[in-house]
Amino acid sequence: MPSQRDRLRVGAAVVGVVALLAVVGRITGPEVPAPRPAPATATMAALPQRADLPERWVTERLEVRNGGGPLVFGAGSLWVGAWPDREVVRIDPRSKRVTGRFPAGGLDPAGLAVDATTVWVVHRDTDEVVRVDPGTGRVVARIRLDPLPFEFAPGDRRFLPSLVAVGAGAGWVASARGAVARIDPASNRMVAVIRLARQAPAGIAVAGRTVWVAEGGHGVARIDAVTNRLLGTIRLDVHADRVVTDGGAIWVGGRSTDPSSESAGAVARIDAATGRVREIVPSGLPTGLAAGVGAVWITEREAAGGALDCIAPEVSPSGMTGLPALGELAVGGGAIWAADRLGSSVYRLEPDRFPCSATSVLTGPAAMP
């Protein structure tokens, strides 16, 4: 495939005077998406504290204080990791309001996941997984992670969890030390440990009977969720910093490692059933990645702020620029949810004029694996 893909740029046409709002800048008259050039290499220019935000796509701005951590859509709500406050924040997508602030269950929360009945939070300081009732915020289980079956350093077998995902009838907890633990949700016990070939996994997702672990410059590792065996690693021309799934496809985003590409970043699409790499799409450097239905959404860092792009098979990537510095993403409840990288806000975006919106967002969230 070509090293570059045509992209669509959404510009904000300014007619008249720019009016400043009390909280966020506003530009009137956004236009229909137009062709956008290939993304430029990321720069280290300082970002503004608040960029102009086209109101056409943004319907809500919710204050969550220190909520720049993971965003997860599940159990009918959006969940935000407000780790500096040691809290999990719940947002109702229908009322578009913060409806709960729950203690994260410890002093050092890290990964966040949600299944049909509980919110999962991992804690590095205590080597625990805490499960929280999504309705009441009550801690319903504390799962102690056993020591690693190998020494990370002489005499050191601590697990030190960093990421968590749910699917295939289990919880999956990744250690920065190169291992993934399987948690049985019925007994709340750690029942297996799979050693990875590399340390410091960067992301984890579950699709069908396979657990996918992003391993940075080494690619994406696959674990058989039935046998708990490591199946091997898929090498990519992408530094695998993030991995998400819509059930049918695996999307991997990060810095491009293709020497022929002029783009700072790239997103790889992998068939979840076969493990075959279907395409690698050049992009800006992703700061957030979220799967919709048959598509993926990414936030990117730009010299003047941020951008939001949508990538779907056989559809030209489309994007909106001139946004604030956005980070983590989630898709669900008929909208896109993006965290302000400064950490205080979550935005609700409805990009209904994007070519891939009809399949990705407006029909509903991605299926739970």
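For the stretch 219-268, the ratio of Cα radius of gyration to the globular rule of thumb 2.2 N^0.38 Å stands at 1.29.
Backbone geometry of the stretch 169-178 corresponds, through the Karplus equation with coefficients 6.51, -1.76 and 1.60 at θ = phi - 60°, to 3J(HN,Hα) couplings of x, 7, x, 10, 10, 9, 9, 5, 8, x Hz, x marking Gly and Pro. Among the chymotrypsin sites (Phe, Trp or Tyr not before Pro) within the stretch 91-170, those in coil by DSSP and having at most 12 neighbouring Cβ atoms inside 10 Å are F150. Computed from backbone phi with θ = phi - 60° and the Karplus coefficients 6.51, -1.76 and 1.60, the 3J(HN,Hα) list for the stretch 124-134 is 6, 5, 10, 6, 10, 10, 10, 10, 10, 5, x Hz; x is used for glycine and proline. Normalised per residue, the accessible area of the stretch 97-211 is 42 Å², obtained with a 1.4 Å probe and no contribution from ligands, DNA or RNA.
A full extension of the chain between S344 and E63 corresponds to an added length of 100.6 nm, given 0.36 nm per residue minus the alpha carbon distance.
For a label point 7 Å from the Cα of D271 along Cα→C-beta, name the residues of the stretch 195-212 whose backbone N is under 19 Å from it. Residues 207-212 fall inside that zone. Heavy-atom accessible area for H239, with the other protein chains in place and a 1.4 Å probe, reaches approximately 50 Å².
Amide H to amide H distances under 5 Å link A272 with A249, I250, where only residues 5 or more positions off or on other chains count and H is placed in the peptide plane.
Residue by residue, the stretch 327-332 carries 3J(HN,Hα) couplings of x, 5, 10, 8, 10, x Hz when phi is fed to the Karplus relation 6.51 cos²θ - 1.76 cosθ + 1.60 (θ = phi - 60°); x denotes Gly or Pro. Would you please state the base-10 log of I(q)/I(0) at q = 0.11, 0.18 1/Å for the stretch 210-369, with intensities from the Debye formula using one equal scatterer on every alpha carbon? Treating every Cα as an identical point scatterer, log10 I(q)/I(0) equals -0.41, -1.08. The alpha carbons of the stretch 53-154 give a radius of gyration and a Dmax of 15.6, 57 Å, in that order. Summary of the geometry: the stretch 74-145 and the stretch 182-243, compared by the centres of their Cα atoms, lie 22 Å apart. Dipole of the stretch 178-278 (Lys/Arg Cβ +1, Asp/Glu Cβ -1, origin at the Cα centre): which of A268, M190, G232 lies farthest to the positive side? Ranked along the dipole, the leading option is M190. For the stretch 303-358, the share of accessible area belonging to carbon and sulfur comes to 49 percent (1.4 Å probe, ligands and nucleic acids excluded). Counted by Cβ distance under 11 Å from H239, the other residues give a net charge of -2, where Lys and Arg count +1 and Asp and Glu count -1.
The mean sequence separation of alpha-carbon pairs under 8 Å and at least six residues apart, normalised by the residue count of the stretch 180-265, gives a relative contact order of 20 percent. Once backbone amide H atoms are built at 1.01 Å from N, G332 has W337 as its partners under 5 Å, excluding neighbours fewer than 5 places away on the same chain.
Here the stretch 91-228 has 48 percent of its accessible surface on carbon and sulfur atoms, given a 1.4 Å probe and all protein chains in place. If the label point is 7 Å along Cα→Cβ of A197, which residues in the stretch 220-247 have backbone nitrogen under 11 Å from it? Within reach of a label on A197, which here means backbone N under 11 Å from a point 7 Å along Cα→Cβ, the stretch 220-247 contributes 220-222, 231-236.
Taking amide H atoms as placed 1.01 Å from N in the peptide plane, the amide H of G69 lies under 5 Å from those of G81, W83, each 5 or more residues away in sequence or on another chain. For P109, neighbours were defined as the other residues whose beta-carbon sits under 11 Å from its Cβ, and their charges (Lys and Arg +1, Asp and Glu -1) total -3. Using a probe of 1.4 Å, the accessible surface attributed to L112 totals some 10 Å² when neighbouring protein chains are kept in position.
The values are calculated or read from the model by the stated rules, or taken from the named source; none is laboratory data. Predicted model only: the values in this text are computed from it and were never measured. Quick reminder, even Gly has a Cβ in these numbers, built from the backbone with ideal geometry, and neighbours come from all protein chains shown. Just so you know, the surface numbers come from the protein's heavy atoms only, side chains and all, with ligands and any DNA or RNA stripped out. Shrake-Rupley method; radii C 1.70, N 1.55, O 1.52, S 1.80 Å.
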